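The values are calculated or read from the model by the stated rules, or taken from the named source; none is laboratory data. Computed from a predicted structure; not experimentally measured. Please note: Cβ atoms are built from the backbone with ideal geometry, for glycine as well, and neighbour counts cover all protein chains shown.
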Amino acid sequence: MAATRPIISCRDLTRIYRMGDQEVRALDGVTLDIHEGEFVAIMGPSGSGKSSLMNLIGALDRPTSGEMWINGRALSEMNRDELADLRNETLGFVFQQFNLLPRQDAFQNVRLPLRYARKDVGDIDARARACLEMVGLGSRMDHRPMQLSGGQQQRVAIARALANRPRILLADEPTGALDSKTTVEIMQLMQDLNRQGITVVVITHEAEVASYAARQIHFLDGKVEADTAHPELKRARGG
Amino acid sequence: MKYGVATSSAAEALFSNPLRSLLTMLGIIIGVASVMVMMSIGEGAKAAIEKQISAVGTNVLTLQPGTMNRGGRNQGGGSGRPFNETDVAAVADLPFVESATGILSGQANAVSEEANWVTNIQGGTASFFEVNNWKVDEGRAFSEQEAQGGAAVVVVGKTAAKNLFPGGNIVGQRIRVNSVPVEVIGVLESKGQGGGGGMGPDRDDTLVGPLSMVRNRITGGNRWVSRHVSRIQILVQDGYDVAEAQEEVSTMMRDRRRIEPGQPDNFMVVNFADMIKQRAAVAETMSTLLAFTAAVSLIVGGVGVMNIMLVSVTERTREIGLRMAIGARGGDILLQFLFEAIALCTLGGVIGMAIGWLGVLGYAQLSQAPMVVSPIIVATALGAAASVGLIFGFFPARRAAQLDPIQALRYD
């Protein structure tokens with residue numbers, strides 16, 4: 001793993017939210033590297049800061065202090081449009097609530113990121129179709145989200161995340177709304193994608209889901225509490 | 001900017017809630033419809049006035065008897081000292097006068113083999129047709145010799161012709177005018193209604209004959225005035241200032257009648273085209289004012305559109321967040337909502353135009369007033385609607401574009 005360069009690199013990240021006159025320290029000096037091709041699960045109880053980290057890695061939010069690099073580029077030096085392009089080209093998002101556009105069918109939902117792409121993506125329709133086939137929904141392309149099961153909707157969302165051939169797939173509680181059988185299917189799909197070279201970062205609070213990942217990072221109170229890639233960390237902390 | 005995704009998203013939003021779209025468009029529909037009706041009325045009035053001006057001629061002056069005070073009472077127009085043919089000759093001698101004709105008019109009881117018709121007859125010289133810019137449609141006008149010789153011939157206007165000869169065979173027929181037999185030698189082209197305001201007398205309901213013949217045999221004229229004419233029409237040479245000509249005719253007449261300085265004129269020099277133009281200016285101000293009032297409803301409609309767009313942005317906050325998460329730039333979101341507002345207003349504009357068109361047709365039917373729907377009106381109405389969308393859609397669209405992605409995505 002040391003042979004590959006880190007595709008996500010965080011240095012001393014702090015994120016403070018202001019709620020009225022109260023300050024909430026959601027992230028408190030987080031430093032971590034994720035290398036290309038890793039499958040990482042980020043775990044922790046709610047409020048531990050794992051979602052805040054996900055928002056930062058996803059270029060959806062900016063840290064209060066600290067610096068981060070994605071694919072070698074420092075996010076603090078990028079403007080709003082450049083961040084949008086980074087999300088479009090390098091990152092793929094999968095959400096707990098799927099976030100599909102309800103009035104559009106599966107095919108149109110998967111096409112959406114391709115239509116926002118600024119670089120040439122070739123045949124948009126062919127790509128969208130290929131992505132849906134990859135997640136096993138080749139026969140349901142004209143179904144609207146309401147006509148699909150939860151697991152199928154999450155597959156559409158994954159196909160959408162893959163449409164622009166991202167380097168990193170970010171999944172925020174991807175199985176939170178699914179039953180256990182479907183959970184297994186979705187996590188196996190993620191494993192497949194990881195084997196094809198995509199870096200996968202999954203946020204979850206379920207140990208079973210996290211077990212699909214090769215590396216688990218535990219968060220507590222905005223800090224990295226444990227990291228299976230760095231066992232010395234826990235010893236240092238826990239004493 | 002990604003226009004394709006913006007337009008298709010806008011169209012989808014528009015048709016996903018048709019009732020709301022329609023209600024939102026209502027203000028625009030009413031605004032565009034009324035702008036269109038008002039502009040059409042204005043254009044119609046303008047066209048009618050232009051037609052009247054061209055019928056009267058822009059460089060024609062009319063010399064009429066003035067008013068006279070008798071016993072401290074104004075006797076009304078035409079009561080002043082009458083003109084005679086020496087006045088006509090004096091006017092015709094002025095250097096800037098192209099031609100002039102004296103006219104004597106009176107009532108005429110015309111009888112053809114087919115019908116009776118009460119109309120008026122105008123006696124004039126051969127210049128009558130040139131001065132009035134009035135062409136003969138069928139047959140011919142009378143010549144200078146016929147005019148001087150007092151030939152018993154008349155040229156008839158379209159309306160008089162239609163009533164006297166329902167059968168259609170006109171030229172060469174003989175009719176009796178106030179019991180005097182005359183020959184119809186020509187039919188004049190149509191001049192339409194004159195006098196301004198759209199509802200003047202029918203200028204085609206007339207007979208025109210040689211001045212001396214009309215005076216000596218048909219109307220009689222003023223028996224106290226030798227060679228009487230009731231008015232004089234003057235055609236001013238092209239390029240000569242008509243207002244100045246008006247001034248000089250007036251000076252010459254005061255001279256002829258030896259009116260002391262300070263005494264009022266006992267005649268009038270009238271420029272009918274000028275009078276019509278003044279009335280037209282009033283009409284135009286009026287229709288501009290009405291169109292402006294109609295435009296206010298467009299603005300009110302625009303505020304309605306802005307309101308609904310703001311609601312729509314709020315309702316779709318999560319959708320906006322999702323679009324941003326998968327790579328939409330702020331500009332893409334701005335364009336999407338701007339297109340939605342413009343599409344909403346333009347569609348409302350098209351519907352409003354259809355309704356406005358029906359309104360124009362209905363109004364034209366009811367009032368008999370001429371109305372004109374020109375491409376300029378259509379373009380103005382549509383352009384106004386689209387601009388309302390652009391202006392009032394911008395603020396909601398900008399608000400959508402400036403949303404914070406993470407807050408939008410977590411919004412519920």
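The residues on offer are B:Ala11, B:Ala48, B:Ala6, and the sole one that is of a type outside the set (Phe, Trp, Tyr) and either within 21 Å of the chain's Cα centre (by Cα) or not in a helix (DSSP H, G or I) (or both) is B:Ala48.
If you go through segment A:147-181 and keep only what is away from chain B (no Cβ under 14 Å) and within 21 Å of A:Asp105 (Cα to Cα), you end up with A:Gln147, A:Leu148, A:Ser149, A:Gly150, A:Gly151, A:Gln152, A:Gln154, A:Arg155, A:Pro174, A:Ala177, A:Leu178.
Remark: A:Pro113 falls outside the filter, which requires a residue to be in contact with a strand residue (DSSP E or B) (Cβ under 6 Å, 6 or more places away or on another chain) and either part of a strand (DSSP E or B) or crowded, with 21+ Cβ neighbours inside 10 Å (or both). If I filter segment A:101-131 down to residues being among the basic types (Lys, Arg) and more than 19 Å from A:Arg87 (Cα to Cα), which single residue comes out as farthest from the other protein chains (Cβ to nearest Cβ)? Among them, the one singled out is A:Arg129.
Would you say B:Ala10 is more than 19 Å from B:Gly393 (Cα to Cα) and either within 14 Å of another protein chain (Cβ to nearest Cβ) or small (Gly, Ala, Ser) (or both)? No: the conditions fail for B:Ala10. Search segment A:157-185 for residues being surrounded by fewer than 22 Cβ atoms within 10 Å (Cβ to Cβ) and among the small types (Gly, Ala, Ser), and hand back the single one that is farthest from the chain's Cα centre (by Cα). Looking at residues that are surrounded by fewer than 22 Cβ atoms within 10 Å (Cβ to Cβ) and among the small types (Gly, Ala, Ser), I get A:Ser180.
Look at (1) surrounded by fewer than 22 Cβ atoms within 10 Å (Cβ to Cβ); (2) farther than 19 Å from A:Phe98 by Cα and you find that A:Val224 fails only one, number (1). Taking segment B:271-313 as the range and being of a type in the set (Val, Ile, Thr) and surrounded by fewer than 17 Cβ atoms within 10 Å (Cβ to Cβ) as the test, the residues that pass are B:Val282, B:Thr285, B:Thr288, B:Thr293, B:Val296, B:Ile299, B:Val300, B:Val303, B:Val311. If the condition is being under 10 Å from B:Met371 (Cβ atoms) and either among the small types (Gly, Ala, Ser) or free of Cβ contacts under 8 Å to residues at least 24 places away in the same chain (or both), then segment B:30-45 contributes B:Ser40, B:Gly42, B:Gly44, B:Ala45. Within segment B:23-45, restricting attention to residues that are surrounded by fewer than 21 Cβ atoms within 10 Å (Cβ to Cβ) and within 17 Å of B:Ile299 (Cα to Cα), the residue that is nearest to the other protein chains (Cβ to nearest Cβ) is B:Leu23. The conditions of being within 16 Å of B:Gly80 (Cα to Cα) and either surrounded by fewer than 19 Cβ atoms within 10 Å (Cβ to Cβ) or not assigned by TED's automatic domain parsing to the domain that holds B:Ile175 (or both) are not met by B:Ser230.
Scanning segment B:361-385 for residues that are surrounded by 11 or more Cβ atoms within 10 Å (Cβ to Cβ) and either touching a Pro at 6+ places or on another chain (Cβ under 9 Å) or not in a helix (DSSP H, G or I) (or both) yields B:Ala364, B:Ala369, B:Pro370, B:Met371, B:Val372, B:Val373, B:Ser374.
Residues in segment A:1-23 that are farther than 28 Å from A:Glu208 by Cα and among the polar types (S, T, N, Q) were compared, and the one that is nearest to the chain's Cα centre (by Cα) is A:Thr14.
The residues of segment B:321-338 that are in a helix (DSSP H, G or I) and facing chain A (nearest Cβ under 10 Å), listed by number, are B:Gly321, B:Leu322, B:Arg323, B:Met324, B:Ala325, B:Gly330, B:Gly331, B:Asp332, B:Ile333. Scanning segment A:132-145 for residues that are within 17 Å of A:Phe95 (Cα to Cα) and within 14 Å of chain B (Cβ to nearest Cβ) returns a single hit, A:Pro145. Considering each residue of segment B:65-74 in turn, at least one proves to be outside the structural domain of B:Leu164 (by TED's automatic domain parsing) and either modelled with pLDDT of 85 or more or crowded, with 22+ Cβ neighbours inside 10 Å (or both). Within segment B:147-164, the set of residues being crowded, with 18+ Cβ neighbours inside 10 Å, touching a residue at least 60 places away in the same chain (Cβ under 8 Å) and in a helix (DSSP H, G or I) comprises B:Ala147 only.
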